[in-house]
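Okay, so here's the structure we're looking at.
The values are calculated or read from the model by the stated rules, or taken from the named source; none is laboratory data. This is a predicted model, so every value here is computed, not measured. For neighbour counting, all protein chains shown are included, and Cβ atoms are generated from backbone atoms with ideal geometry for every residue, glycine included.
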Number of protein chains: 2
Amino acid sequence: MAQSIEYQDQSKGPLVIIGGAEDRDEDCTILREFVRLAGGTKAHIAVLTAATAYFEETGAEYDRVFTQLGAAAVDVVHTQEPKDANDPRLLEIVADATGVFFTGGDQSRVIRVVQDSLLEDLLHKRHREGVVIGGTSAGAAIMPEVMIAEGDSTTHPYLNAVEMSQGMGFLTQVLVDQHFAQRGRLGRLLTALLLEPSVLGLGIDENTAVIVQGDTLEVIGEGAATVVDESGASHNNLSQLLRDEAMAVFGVRLHILPHGYRFNLKTRQPSTPADSLIPEH
Amino acid sequence: MAQSIEYQDQSKGPLVIIGGAEDRDEDCTILREFVRLAGGTKAHIAVLTAATAYFEETGAEYDRVFTQLGAAAVDVVHTQEPKDANDPRLLEIVADATGVFFTGGDQSRVIRVVQDSLLEDLLHKRHREGVVIGGTSAGAAIMPEVMIAEGDSTTHPYLNAVEMSQGMGFLTQVLVDQHFAQRGRLGRLLTALLLEPSVLGLGIDENTAVIVQGDTLEVIGEGAATVVDESGASHNNLSQLLRDEAMAVFGVRLHILPHGYRFNLKTRQPSTPADSLIPEH
């Protein structure tokens, strides 16, 4: 299976996938890195507020932070209705941006507004051209081809714990969940992975991000990213399960990666920033 | 390593380890099984309330349930101070019991009261003689040799997430955490396992129990038991970590086992109640 998996080719722009509640007032470690990847003091950042009904406040907040971090220009792109995603004035902002940032809110709003629009095509074109795409919370959830649209938080997996839908598809063969430690979402991610076999799960804590470049991801921030690998795992027959019944899963592999740790999406191997990793036994 | 591990020998009584909040009003699946293991309608059950300051109400509640389930006799043993654990009248109840049940509360209270007492010796003697020992919540936490005395709930492990102390030692080479899904305690259990290498972790959901007999455990109830196997895992150098810093862990194995599923503590292999387990790929 592994050799057929296509993640990101190296020529595409990096992804900055944030687990929500990132620091916007102190060190701004994560957003600072996003600005750096967008070109630093030459960065032109487009902030996409499609996820949120509070687009004015949210847009203003990221305008403030990115400007403070030294970006050359910040433009907020409000797309509240599908027609806005074909607005030539808004498309021009994205066409000129060196970095695109999706705010938090509700991931389903983003898809409803952006799907099958000129904006969608343009975002993928810009990404292929090397532009960095960032997103926090709902803005992180939309990164993969398939996303967790909704779901209960629970540590043991059961069939109706999650609802899946189409994502933006910047990242393939990976599922993303956010606010991971803070909302105890392992069960929800495990369930999602049972429904989408062969993909990797990525649970990102608050104020923590995963930066994907090519086949490698690196963790930055305060918490950890939990990589859930169900290749080699087995589970009970989902078609025989009733709603609310617990699933059985044998042999899931977990890696918990704090700041500086890396993971190769192709080989599915974690690696350490230094030589500090010692065998436990 | 595995061949040197001694779990339970078969002649010892079963353990019924409950993740808290077990049903006491409807089917009573778990408590019913405890009564059955204690001898059914011939059961003499000693309810130990050492964990709780609300010993009167808690004792009365379990007296009601066990009586209703058909136990021949239920005696509540209140040991609030270490001296109570040497009281001949209370010891006689335990000496005659066919089942001993530890209520919830605070696990540290149990150890403070029972440690180094005649009651402690007697409990181990009765267990060796085949008497079933049950416990819920704090009463589950005390089962192993080493217990999680206190700790934050968080999915990513960090060094001060847990405080370990001595448990009752009915079960060896296993760590137990309760209210597992409900309180998002994977991080706390992972941290505890990093501090106690080579043991297995057992996270038990609410209204769910693990029944240990010899080397085998079986899950009953509504949720699941999560078995965390860190043999083969590696982690960063704990001695170099500061408080609150996230730990890195590579290659933890997880098994999530609902009602009817089993796990062999010696071989560390899960097994299925039926033939429903299919490979995922």
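Among the residues of region A:1-50, write down those that are part of a helix (DSSP H, G or I) and at pLDDT 95 or above.
A:THR29, A:ILE30, A:LEU31, A:ARG32, A:GLU33, A:PHE34, A:VAL35, A:ARG36, A:LEU37, A:GLY40, A:THR41, A:LYS42
Is it fair to say A:ASP63 is charged (D, E, K, R) and outside any helix (DSSP H, G or I)?
no
Please verify whether A:VAL212 is under 13 Å from A:ALA141 (Cα atoms), at pLDDT 90 or above and out of contact with any helix residue (DSSP H, G or I) (no Cβ under 9 Å at 6 or more places or on another chain), treating the condition exactly as stated.
no
Which of the residues that make up region A:258-278 are modelled with pLDDT under 60 and within 7 Å of chain B (Cβ to nearest Cβ)?
We begin by selecting, within region A:258-278, every residue modelled with pLDDT under 60; these are A:274-278.
A:SER276, A:LEU277, A:ILE278 - these are the residues of region A:258-278 that are modelled with pLDDT under 60 and within 7 Å of chain B (Cβ to nearest Cβ).
Out of B:HIS255, B:HIS281, report the one residue that is at pLDDT below 90 and within 7 Å of chain A (Cβ to nearest Cβ).
So the residue among B:HIS255, B:HIS281 that is at pLDDT below 90 and within 7 Å of chain A (Cβ to nearest Cβ) is B:HIS281.
Any chance you could count how many residues in region B:22-39 are more than 14 Å from B:TYR62 (Cα to Cα) and touching a helix residue (DSSP H, G or I) at 6+ places or on another chain (Cβ under 9 Å)?
1
Looking at A:ILE211 and the list (1) touching a residue at least 60 places away in the same chain (Cβ under 8 Å); (2) not in a strand (DSSP E or B), which single condition is not satisfied?
Answer for A:ILE211: the failing condition is (2).
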